[in-house]
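The structure appears right after this line, and notes come after that.
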Amino acid sequence: MRDFQARPALEVSGAMSIPGDKSISHRALMLSGLAEGTSEVTGFLASEDCLATLNAMRALGVRIEQPSATHVLIHGVGLHGLKAAGNPLDMGNAGTAMRLFTGLLAAQPFPSQLIGDASLMNRPMERVAKPLREMGADVRTRNGKPPVDIGGGRRLRGIEYAMPVASAQVKSAILLAGLYADAPTTVTAPAICRDHSERMLSSCGVRLTTAGLRTTLHPPQRLVSQRLNVPGDFSSAAFFIVAGLLGAANDGLLIRNVGLNPTRTGLLDILRSMGGDIEIQHARESGAEPVADLRVRASALKGIEVPASLVPLAIDEFPVLFIAAACARGETLITGAEELRVKESDRIAAMSAGLRSLGVAHDVLPDGMRIEGRADGIAFGGGEIDSHGDHRIAMAFSIASLRAAKPILIRDVANVATSFPGFVDLARSVGLDITELES
């Protein structure tokens, strides 16, 4: 087991670049593998989660070269060129990969099985399996959880599906299956959720029509190859955005090349409404995705009630938002975030236990938390945190060290590598005092 020792730090400063976006890296491998011709992807996130997708695509017969960790060449086999893997496909800790592969494999002429690590094998999969079965797929789970068994040779029909919960993973799985359906497939979301799949499908030549929260995919004859530079992952940048707000030096902290897809950046709106000074610089496009540099300055944050409309646009960033809220003046109220209960850990319970250990006053709600912030400099005591093997819990409490009275020991941090390889070195480069330990 590996741990973090996070000692109190005075400030953060300088400039940094964030590793590539995990969500986009997953999709780039999958869609490029289905395309005709060779696709080139730079800025690829060589994390354990994305490497699980890379290895799965190779097992399905796609030739992939990796000249460097972040540079990938994918030799597509076409929509109908995948081959049976022969063995279960191991998704590791990657819930995104498992749900998207369920959709991708639902229409293949061969059977497949998807497995993962102990954490992933306890995550819900019926939310994907149910609509795929409505399309005619043979998808089986065990008590709603992995392993996921997918029968081969089923003809899929286009459906109209209204998602009960806004989920980019569910939407993406249905759209991937819709590539093989006999008619257009329509997905309607109850609220805005990530649209990386739609953007990349369009760039591969697939026709999609969108009206409000309703997206329709028209089955294509082929996908075209692409050249893609993956922007920095906003969810990874979120930890350093909050670090800058809590302790940036006078010139602020510059975070370069951050993906600013509007379906991902709810945290920016939340932090700005709390008084955060976050300046967007050099806005530009990278393929189908908006990108910019962010200059973050130390700010006096105030507690707010987080608008319900922003919850699905910031759900992955809530652990570090809880840290910001603990350093704000007054109360912050977060509701409508029950999705946090079924992430890599129960993130509401895990964050509550950690905040309690560090002396932060808060109330746990079924779908969120009420946090009483302390804006007088030191918001956290020292102590020991159990991250429950959840990368975002571990990194969030690392950022808390900027406002801590004593060191914070964070247990079970190995899964940080699933989304953010090099986190400790990058954190230390801007002033945080974090050491990785063998326990």
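The values are calculated or read from the model by the stated rules, or taken from the named source; none is laboratory data. Given the structure is predicted, the values throughout are model-derived calculations rather than measurements. Note that we place each Cβ from the backbone using ideal geometry, even for glycine, and neighbour counts take in every protein chain shown. Note: accessible area is taken over every heavy atom of the protein model, side chains too, but ligands, DNA and RNA are not part of it. Shrake-Rupley method; radii C 1.70, N 1.55, O 1.52, S 1.80 Å.
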Name the pairs: first residue in region 286-313 and touching a residue at least 24 places away in the same chain (Cβ under 8 Å), second residue open to solvent by less than 30 Å² (accessible area, probe 1.4 Å) and basic (Lys, Arg), Cβ to Cβ under 9 Å, at least 6 apart or on different chains? 313/264
Only one of these conditions is not met by residue 72: (1) under 30 Å from residue 294 (Cα atoms); (2) assigned to a strand (DSSP E or B); (3) more than 21 Å from the chain's Cα centre (by Cα). Which number is it? (3)
All positions within region 178-201 that are in contact with a Ser or Thr (Cβ under 9 Å, 6 or more places away or on another chain), under 15 Å from residue 131 (Cβ atoms) and buried (at least 19 other Cβ atoms within 10 Å of the Cβ): 178, 179, 185, 186, 187, 189, 193, 197
For region 205-222, pairs from a residue that is at negative phi to a residue that is open to solvent by 50 Å² or more (accessible area, probe 1.4 Å) and hydroxyl-bearing (Ser, Thr, Tyr), with Cβ under 7 Å and 6 or more apart or across chains, are 208/202; 216/209
Just for helices (runs of 4 or more DSSP H) wholly inside region 325-439: which have at least 2 residues that are over 26 Å from residue 50 (Cα atoms) and modelled with pLDDT of 95 or more? 347-357
Give 269, 293, 277 a once-over and let me know the one that is out of contact with any strand residue (DSSP E or B) (no Cβ under 9 Å at 6 or more places or on another chain), at negative phi and acidic (Asp, Glu). 269
So residue 321 passes all but one of these: (1) within 20 Å of the chain's Cα centre (by Cα); (2) farther than 30 Å from residue 202 by Cβ; (3) assigned to a strand (DSSP E or B); (4) not hydroxyl-bearing (Ser, Thr, Tyr). Which condition number does it fail? (3)
Using the structure shown, decide if residue 168 is touching a His at 6+ places or on another chain (Cβ under 9 Å), farther than 30 Å from residue 377 by Cβ and crowded, with 22+ Cβ neighbours inside 10 Å. yes
Being closer than 30 Å to residue 374 by Cβ and either exposed (fewer than 13 other Cβ atoms within 10 Å of the Cβ) or more than 24 Å from the chain's Cα centre (by Cα) (or both) is the filter here, so list the residues in region 280-306 that pass it. 297, 298, 299, 300, 301, 302, 303, 304, 305
Could you check how many residues of region 179-191 are within 27 Å of residue 311 (Cβ to Cβ), in contact with a Leu (Cβ under 6 Å, 6 or more places away or on another chain) and of a type outside the set (Ser, Thr, Tyr)? 1
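The rows are residues; the columns are (1) part of a strand (DSSP E or B); (2) in contact with a Lys or Arg (Cβ under 7 Å, 6 or more places away or on another chain); (3) touching a residue at least 12 places away in the same chain (Cβ under 8 Å); (4) open to solvent by less than 10 Å² (accessible area, probe 1.4 Å).
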position: 50; (1), (2), (3), (4): no, yes, yes, yes
position: 55; (1), (2), (3), (4): no, no, yes, no
position: 58; (1), (2), (3), (4): no, no, no, no
position: 64; (1), (2), (3), (4): yes, yes, yes, no
Across region 121-161, the tally of residues that are modelled with pLDDT of 95 or more, on the phi > 0 side of the Ramachandran plot and touching a Pro at 6+ places or on another chain (Cβ under 8 Å) stands at 1
Of the residues in region 101-120, those that are under 23 Å from residue 29 (Cα atoms) and either surrounded by fewer than 24 Cβ atoms within 10 Å (Cβ to Cβ) or touching a Pro at 6+ places or on another chain (Cβ under 7 Å) (or both) come to 108, 109, 110, 111, 113, 114, 115, 116, 117, 120
